[in-house]
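Every number in this text was worked out from the coordinates using simple rules, so none of it is lab data. All values derive from a computational prediction rather than experimental measurement. Counting neighbours? That spans all protein chains shown, and the Cβs are built from the backbone with ideal geometry, glycine included.
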Amino acid sequence: MMQEINIMKAQGKQLAAIVIVLGLLMFFWSYLGDPTVLFNYWWLGILYQYILPIGLAIYAVFKAKQSLDGFISFKGALGVSVIGLILGTTAIVLFNALMYNVVDTEFKDLMEEKTIEFSIQFLERMGADESQISENIAQIEERNQFGFKAQMMGLAFISIYYLVIGLIVAAAMKKDKPVV
């Protein structure tokens with residue numbers, strides 16, 4: 001049991017480190033490179049935030065299971081995936097919130113501006129009239145999506161998603177040692 005806990009912590013920390021590195025790469029890609037990258041290539045955000053974590057959780061649980069001679073409890077598998085995904089994401093969200101709201105508020109303003117521009121273009125392509133566009137833009141401005149509160153709300157919602165992913169991965173990959 002103690003061995004499983006130690007491996008769970010180690011694999012969870014390794015998964016968190018991977019999530020942090022990927023999150024920093026995504027942030028700095030837009031910060032130092034192209035701030036519109038996630039608007040122009042929206043599928044990257046979906047891949048990074050919703051699909052890649054599933055694969056990373058499976059990989060981390062697989063590695064933990066391998067270290068435990070092919071056996072891992074539901075609790076151990078859940079711990080590996082949830083510790084890694086939520087801990088890593090929390091670190092990235094806190095980093096992003098500090099960058100947007102303390103370190104470089106001009107970048108926050110730029111990202112909000114780009115969000116509005118992207119939304120207007122999208123709504124125009126969808127055939128929205130001026131009143132619908134104005135209403136949508138007012139909602140975006142009111143929401144302050146790069147503010148600290150919105151970042152923490154986003155963290156809460158994505159953490160619930162990662163918990164569900166962790167539950168599914170743990171249920172699918174658990175394998176108890178046979179009782180002899």
(request) Hey, could you check segment 51-76 for residues that are among the small types (Gly, Ala, Ser) and within 21 Å of Thr90 (Cα to Cα) and say which is surrounded by the fewest Cβ atoms within 10 Å (Cβ to Cβ)? (result) Gly55
(request) Among the residues of segment 126-180, write down those that are under 22 Å from Tyr100 (Cβ atoms) and of a type in the set (Gly, Ala, Ser). (result) Ala138, Gly147, Ala150, Gly154, Ala156, Ser159
(request) Determine whether segment 125-132 contains at least one residue that is buried (at least 16 other Cβ atoms within 10 Å of the Cβ) and assigned to a helix (DSSP H, G or I). (result) no
(message) For segment 141-180, which positions are β-branched (Val, Ile, Thr), closer than 26 Å to Met111 by Cα and exposed (fewer than 14 other Cβ atoms within 10 Å of the Cβ)?
(response) Ile160
(request) Quickly run through segment 164-180 and pick out the residues that are touching a helix residue (DSSP H, G or I) at 6+ places or on another chain (Cβ under 6 Å) and in a helix (DSSP H, G or I). (result) Ile165, Gly166, Val169, Ala170, Met173
(request) Scan segment 142-160 and report the pairs whose first residue is under 18 Å from Ile83 (Cα atoms) and whose second residue is of a type in the set (Gly, Ala, Ser), with Cβ atoms within less than 9 Å and a gap of 6+ or a chain change. (result) Met152/Ala97; Leu155/Ala97
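Conditions (1) closer than 17 Å to Phe118 by Cβ; (2) free of Cβ contacts under 8 Å to residues at least 40 places away in the same chain; (3) part of a helix (DSSP H, G or I); (4) touching a Ser or Thr at 6+ places or on another chain (Cβ under 9 Å), marked per residue:
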residue	(1), (2), (3), (4)
Gln11	no, no, yes, yes
Gln14	no, no, yes, no
Gly23	no, no, yes, yes
Trp29	yes, yes, yes, no
Ile54	no, no, yes, no
(message) Restricting to segment 2-26, count the residues that are of a type in the set (Val, Ile, Thr) and either surrounded by 16 or more Cβ atoms within 10 Å (Cβ to Cβ) or at positive phi (or both).
(response) 4
(message) Any residue that is surrounded by 15 or more Cβ atoms within 10 Å (Cβ to Cβ) and over 30 Å from Thr105 (Cα atoms) - is there at least one of those in segment 29-50?
(response) no
(request) Could you please find all residues in segment 27-58 being in contact with a Leu (Cβ under 8 Å, 6 or more places away or on another chain) and not small (Gly, Ala, Ser)? (result) Pro35, Val37, Leu38, Leu44, Tyr48, Leu52, Pro53, Leu56
(request) Examine segment 64-75 for a residue that is touching a residue at least 24 places away in the same chain (Cβ under 8 Å), on the phi < 0 side of the Ramachandran plot, touching a strand residue (DSSP E or B) at 6+ places or on another chain (Cβ under 8 Å) and not in a helix (DSSP H, G or I), and state whether such a residue exists. (result) yes
(request) Could you check Leu87 against (1) touching a Leu at 6+ places or on another chain (Cβ under 9 Å); (2) over 27 Å from Pro53 (Cα atoms) and say which number it fails? (result) (2)
